[in-house]
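To start, the structure itself, in structure tokens.
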């Protein structure tokens, strides 16, 4: 009995929607896994905010260069054809609309496409925004990969975000462990159900109304 | 004859006064000018405003500068990480100020200062609490937020190779904010792994032209923050 998609399957499903030749920025966490599932025959170029296009997989111990990191501050490699650049150029690529797809994790996403993924807004919490607000305003397509609910079962797909926004109305598609969901002018709509998952289950675990597959 | 070379890190940073605004290059450990930062700890300037993407890791480099109570305010995009403890503790105790700036806005504010542009409009933060109180304007029917330039008195920078004129080449993603900071500071102080002869850097390969650099020291075997942390080191 299947119980939806695991983390890798969610990432693999998202990778299927990224066109050949796309310039792609992957957020930290499940989004990073997308790079492992590039569909046969397609080539993606990965951008990292700290100044590289053509980012490759983690290095072997021999390949490791302490100056070569990704935005999550993990050691990475540079693929043949890679380019390095400074931060203003890097965010010109982002803000200037040159990056095709950004895949992000989230705390909440709303039916109007609002995204909240940088702060719980709790008093005493240390706010840390990084490049998230630049990415959501500049990248052509913002995809979100997230569990459908929090660890305590609270819906992450909601009518309106209660956490501070990263950006308003910028999410186009969401990949959860239960379904692929589009943000449409009419709100959330299921595009595809994970194996063994019913629309009723998705509906029950969504914090607002959601439309079935067309 | 132009010669921007200084003998030691201590000489190069000796005149940084209390209350100065100091940009420090690097993104996390990558590109962090650890020797210059440690010289600044030895020198002891206080009430500094420091601009960096992060707030340092462990108890070396930037984190050690903060831990030594020399920093009044941090301007950064991401003040915490898995190995940052010093800043979070001081921040929660109300002992250090934080100006949180989105990463791309931080880069562009620094670039704008170096380019002589006092402010610019960006879509970043529109519709969020970080845009509250800021001037906005419509262009082509879309709302943008005005952001001011960000200048500094000094910049501390690490590079791979430099000549005595101050032409710089960086290593891989250690470049990050450094070329921008070189432009935006009144006095830019660089530590280079290799001090090379004038003409040894192909003009086509110069990343920071020497006009943006004031002082250079050679640190031929720079320590790396990650290595120091892995060894359990702290500074001083």
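Any read-out appearing in this document is the output of simple, stated calculations on the displayed coordinates, not a laboratory observation. This is a predicted model, so every value here is computed, not measured. Positions of Cβ are generated from backbone atoms using ideal geometry, with glycine treated the same way; all protein chains shown enter the neighbour counts.
What is the spin-label model distance, in nm, from residue B:202 to residue B:43 if the labels are put 7 Å beyond Cα along the C-beta direction?
3.6
Enter the Cα centre distance for the pair region B:119-136 and region A:137-189, rounded to the nearest angstrom.
23
State, as an integer percentage, the relative contact order of region A:7-211 based on alpha-carbon contacts under 8 Å between residues 6 or more apart.
Answer for region A:7-211 is 18 percent.
Given N residues in region B:77-147, what is Rg(Cα) / (2.2 N^0.38 Å)?
Details: Rg = 15.0 Å, N = 71, 2.2 N^0.38 = 11.1 Å.
Taking N as the residue count of region B:77-147, the ratio is 1.35.
For peptide A:87-98, what's the mean number of Cβ atoms from other chains within 10 Å of each residue's Cβ?
Working: counts 18, 14, 5, 7, 10, 4, 1, 3, 7, 0, 1, 0.
That works out to 6 on average.
If a/c stays under 1.5 just call it rounded; otherwise compare a/b with b/c (prolate if a/b is bigger, oblate if not). Do that for region A:86-201, with a ≥ b ≥ c from the square roots of the Cα gyration tensor eigenvalues. Please list the in-between numbers first.
On the way: a/c = 2.16, a/b = 1.37, b/c = 1.58.
Taking the square roots of the gyration eigenvalues as a ≥ b ≥ c, region A:86-201 is oblate.
Tell me, in nm to one decimal, what length is gained between residue B:99 and residue B:194 on full extension, where the rule is 0.36 nm per residue of separation less the Cα-Cα distance? Spell out each step's value before the answer.
Details: separation 95, 0.36 × 95 = 34.20 nm, distance 3.47 nm.
Additional length available on full extension: 30.7 nm.
To make sure I understand, if each residue's beta carbon is the centre and we count other beta carbons within 10 Å, what order do B:173, B:21 fall in, fewest to most? It would help to have the intermediate numbers written out before the result.
Values: B:173 27, B:21 18.
Least crowded to most crowded, the residues run B:21, B:173.
Which percent, to the nearest 5, of DSSP beta bridges fully inside region B:1-154 are antiparallel? Mind dumping the intermediate values first?
Working: 9 of 21 bridges.
Of all bridge pairs located within region B:1-154, approximately 45 percent are antiparallel.
Going highest first, how would you order B:74-86, B:213-225, A:57-69 by mean Cβ packing within 10 Å?
Numbers: B:74-86: 20.5, B:213-225: 18.9, A:57-69: 14.2.
Ranked by mean Cβ neighbours within 10 Å, highest first: B:74-86, B:213-225, A:57-69.
What's the average, rounded to a whole number, of partner chain beta-carbon atoms within 10 Å of each residue's beta-carbon in A:44-54? Display every interim value, and only then the final one.
Working: counts 0, 0, 0, 0, 2, 8, 13, 13, 4, 0, 0.
Partner Cβ neighbours, averaged per residue: 4.
Could you tell me the relative contact order of region A:72-173? Use alpha-carbon pairs under 8 Å, at least six residues apart, and round to a whole percent. All intermediate terms of the calculation are to be shown ahead of the outcome.
On the way: 164 pairs, mean separation 37.0, N = 102.
After rounding, I find 36 percent.
Counting C-alpha atoms alone, how compact is region A:7-211: give Rg to one decimal and Dmax as a whole number, in angstrom.
17.1, 53
Add -39500 (n - 2.57) for each DSSP H run of 4 or more in chain B, then divide by its residues: what number comes out at 222 nm, to the nearest 500 deg cm²/dmol? Could the numbers behind the result be given before it?
Working: 7 runs with 55 residues, N = 236.
Calculated mean residue ellipticity at 222 nm is -6000 deg cm²/dmol.
For peptide B:166-175, compute the average count of partner chain beta-carbon atoms within 10 Å of each residue's beta-carbon. Provide the component values of the computation, followed by the final result.
Numbers: counts 0, 0, 0, 0, 4, 5, 12, 17, 8, 10.
The per-residue average across the peptide is 6.
Run through the DSSP bridge list for region B:94-236 and note the antiparallel percent, rounded to the nearest 5.
Details: 11 of 24 bridges.
Roughly 45 percent of the DSSP beta bridges within region B:94-236 come out antiparallel.
For the pair residue B:142 and residue A:16, what calculated FRET efficiency results from E = 1/(1 + (r/R0)^6), where r is the Cβ-Cβ distance and R0 = 35 Å, to the nearest 0.05?
Once rounded, the FRET efficiency stands at 0.65.
Reported to two decimal places, what Rg/Rh ratio describes chain B when computed on Cα atoms with Rh from the Kirkwood expression?
Values: Rg = 17.8 Å, Rh = 18.1 Å.
The Rg/Rh ratio comes out at 0.98.
For chain B, what does the relative contact order come out to in percent, with C-alpha contacts under 8 Å and a separation of six or more?
On the way: 571 pairs, mean separation 58.0, N = 236.
It rounds to 25 percent for chain B.
For chain A, what does the helix formula give at 222 nm: sum of -39500 (n - 2.57) over DSSP H segments with n ≥ 4, over the residue count, nearest 500 deg cm²/dmol?
On the way: 4 runs with 31 residues, N = 214.
Result for chain A: -4000 deg cm²/dmol, rounded to the nearest 500.
Kindly state, to the nearest 0.05, the FRET efficiency for residue B:1 paired with residue A:98, given R0 = 25 Å and r defined as their beta-carbon distance.
With a Förster radius of 25 Å, E is 0.05.
How do A:201, A:192 line up, fewest other C-beta atoms within 10 Å first? Don't skip to the end; give the middle numbers.
Values: A:201 17, A:192 12.
By the 10 Å Cβ count, ascending: A:192, A:201.
More than 37 Å apart: what percent of Cα pairs in the protein assembly as shown qualify? It would help to have the intermediate numbers written out before the result.
On the way: 27491 of 101025 pairs.
Result: 27 percent of Cα pairs exceed 37 Å.
Given springs between every Cα pair under 10 Å in a Gaussian network model of chain A, which of A:79, A:165, A:157 has the largest fluctuation?
Evaluated over chain A, the most mobile residue of the options is A:79.
Looking only at chain A, where both bridge partners belong to it, what percent of the DSSP beta bridges are antiparallel (to the nearest 5)? Walk me through the numbers before you get to the answer.
Numbers: 20 of 39 bridges.
Approximately 50 percent, going by the DSSP bridge assignments.
Using Cβ contacts closer than 10 Å as the measure, can you line up A:188, A:37, B:177 from fewest to most?
Numbers: A:188 26, A:37 16, B:177 30.
Arranged by neighbour count, lowest to highest, A:188, A:37, B:177 become A:37, A:188, B:177.
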